[in-house]
1. Going by the structure shown, is L163 of a type in the set (A, V, I, L, M, F, W, C), open to solvent by less than 40 Å² (accessible area, probe 1.4 Å) and either farther than 21 Å from L280 by Cβ or within 16 Å of the ligand (Cβ to nearest atom) (or both)?
2. Pick from P335, P321, P329: which is touching a residue at least 24 places away in the same chain (Cβ under 8 Å) and either more than 25 Å from P261 (Cα to Cα) or open to solvent by 20 Å² or more (accessible area, probe 1.4 Å) (or both)?
3. Kindly indicate whether S83 is within 14 Å of the ligand (Cβ to nearest atom) and open to solvent by 30 Å² or more (accessible area, probe 1.4 Å).
4. Looking at K242 and the list (1) open to solvent by less than 60 Å² (accessible area, probe 1.4 Å); (2) more than 24 Å from P325 (Cα to Cα), which single condition is not satisfied?
5. Please give the number of the condition D94 fails out of (1) open to solvent by 70 Å² or more (accessible area, probe 1.4 Å); (2) within 13 Å of the ligand (Cβ to nearest atom); (3) in contact with a Gly (Cβ under 7 Å, 6 or more places away or on another chain).
6. Looking at R30, is it over 24 Å from D201 (Cα atoms), open to solvent by 10 Å² or more (accessible area, probe 1.4 Å) and away from the ligand (no atom under 16 Å from the Cβ)?
7. What number of residues within the stretch 125-142 satisfy the criterion of being under 17 Å from the mean Cα position of the chain (by Cα) and more than 10 Å from the ligand (Cβ to nearest atom)?
8. Criterion first (away from the ligand (no atom under 14 Å from the Cβ) and of a type in the set (D, E)) does D109 satisfy it?
Amino acid sequence: DKGNHRHFMAKEIYEQPIVVAQTLRAYLQRLEDKVTLPIPDFDLSVIKRVTIVACGTSYYAGMVAKYWFEQFARVAVDIDVASEFRYRAPVMEDGGLMIVISQSGETADTLAALRHAKAEGQTIAAVVNVPTSTMAREADLLLPTHAGPEIGVASTKAFTCQLAVLAALAANLAKAKGRMTPEEEKAIVAHLAEAPAALNDALGRDEAIEAMAGAVAGARDVLYLGRGTDYPLALEGALKLKEISYIHAEGYAAGEMKHGPIALIDEHVPVIVIAPSGPLFEKTVSNMQEVQARGGKVVLISDAEGIAAAGEGCIATIEMPKAHPLIAPIVYAVPVQLLAYHVAVAKGTDVDQPRNLAKSVTVE
Ligand code: M6R
């Protein structure tokens, strides 16, 4: 049932404030200002190293999580797409935690990586949305997302719920490693608890995004740029756009532009820049200006402060609510999802069932 939406994808984008709140309820003890995991008997302090393996959008959630694990818990993280993981003789030391991330819990490459790592003695944690899935059954530790069934082939609400679980896991790991004071934990709980309302605010930009989608719908190629945790979001934005609108899109680390891709820039290539105000903002903006100096048409996704500072000269801006850096990746997922959605609708493609794609990829 699509409710009053035209497509499952739209319905699922709009469900995010509710399902992220639902997911967070399983990981936050708000009254006690504590982050917890639904695996109370497992001692996270023994974890020496983390390996993350996933595919597609779930892989991008893992890329965001790498920043969090390293920043909060100071635990080294290795991350790979599942289809590559087994073919590079990965070094898996004792005391390693492998995290598989999967909406379906059935993706063949991810499952094969799970089995390989398990045979090598790694502890396996599965962040999955389908609790009865094969990965959920085979993992040692189950960390469910509570996104509810996701029907649209383009993953949306599963992604933001994965981020919520991974943020909670990073905080728990930091706590187990003695790297988080009760005050810091309290602050993290408060920031995460703000995510559902911030998602709601972000959804309030839907009409504005729909109105500017035409600027992208006519393009042959689109670039997405971001730095830090906005880099995986740039990759996710490009994946969403290409899979449902069939426009060629690429995500790039903003600083990597001048090492090659800038040669592609001309007035026909829209460049979507994801840059919330904050410590990385200036650097990303200078990359954005390099694009503008070559005639590139920039769409800036930022907050009011960022847009006031750098919105001039952009062909469009998408204003997000001010979000704490911890929840910014969750909140900024919304505009990239909505942009892809409206471009696809404008192009008349089959949004929920894009050509050549299956919801669950069960062949390696
Ligand atoms: O079920 P999974 O999360 O393991 O699926 C992984 C990818 O196949 C999936 O995220 C795919 O990239 C989506 N179509 C992206 O929207």
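The values are calculated or read from the model by the stated rules, or taken from the named source; none is laboratory data. Being a predicted model, the structure only gives us computed values, none of them experimental. Neighbour counts are summed over all protein chains in view; Cβ atoms, including those assigned to glycine, are modelled from backbone coordinates with ideal geometry. SASA here: full protein model, heavy atoms, side chains in, ligands and nucleic acids out. Shrake-Rupley method; radii C 1.70, N 1.55, O 1.52, S 1.80 Å.
1. Details: of a type in the set (A, V, I, L, M, F, W, C): yes; open to solvent by less than 40 Å² (accessible area, probe 1.4 Å): yes; either farther than 21 Å from L280 by Cβ or within 16 Å of the ligand (Cβ to nearest atom) (or both): yes.
In short, yes.
2. Details: P335 fails: either more than 25 Å from P261 (Cα to Cα) or open to solvent by 20 Å² or more (accessible area, probe 1.4 Å) (or both); P329 fails: either more than 25 Å from P261 (Cα to Cα) or open to solvent by 20 Å² or more (accessible area, probe 1.4 Å) (or both).
Within the list P335, P321, P329, the selection yields P321.
3. yes
4. The one condition K242 does not meet is (1).
5. (2)
6. Working: over 24 Å from D201 (Cα atoms): no; open to solvent by 10 Å² or more (accessible area, probe 1.4 Å): yes; away from the ligand (no atom under 16 Å from the Cβ): yes.
Considered against the rule, which asks whether it is over 24 Å from D201 (Cα atoms), open to solvent by 10 Å² or more (accessible area, probe 1.4 Å) and away from the ligand (no atom under 16 Å from the Cβ), R30 comes out as no.
7. First, the residues of the stretch 125-142 that are under 17 Å from the mean Cα position of the chain (by Cα): 126-129.
The next check asks that each one be more than 10 Å from the ligand (Cβ to nearest atom); those that pass are 126.
Here the count works out to 1.
8. Numbers: away from the ligand (no atom under 14 Å from the Cβ): no; of a type in the set (D, E): yes.
So D109 does not fit the description; no.
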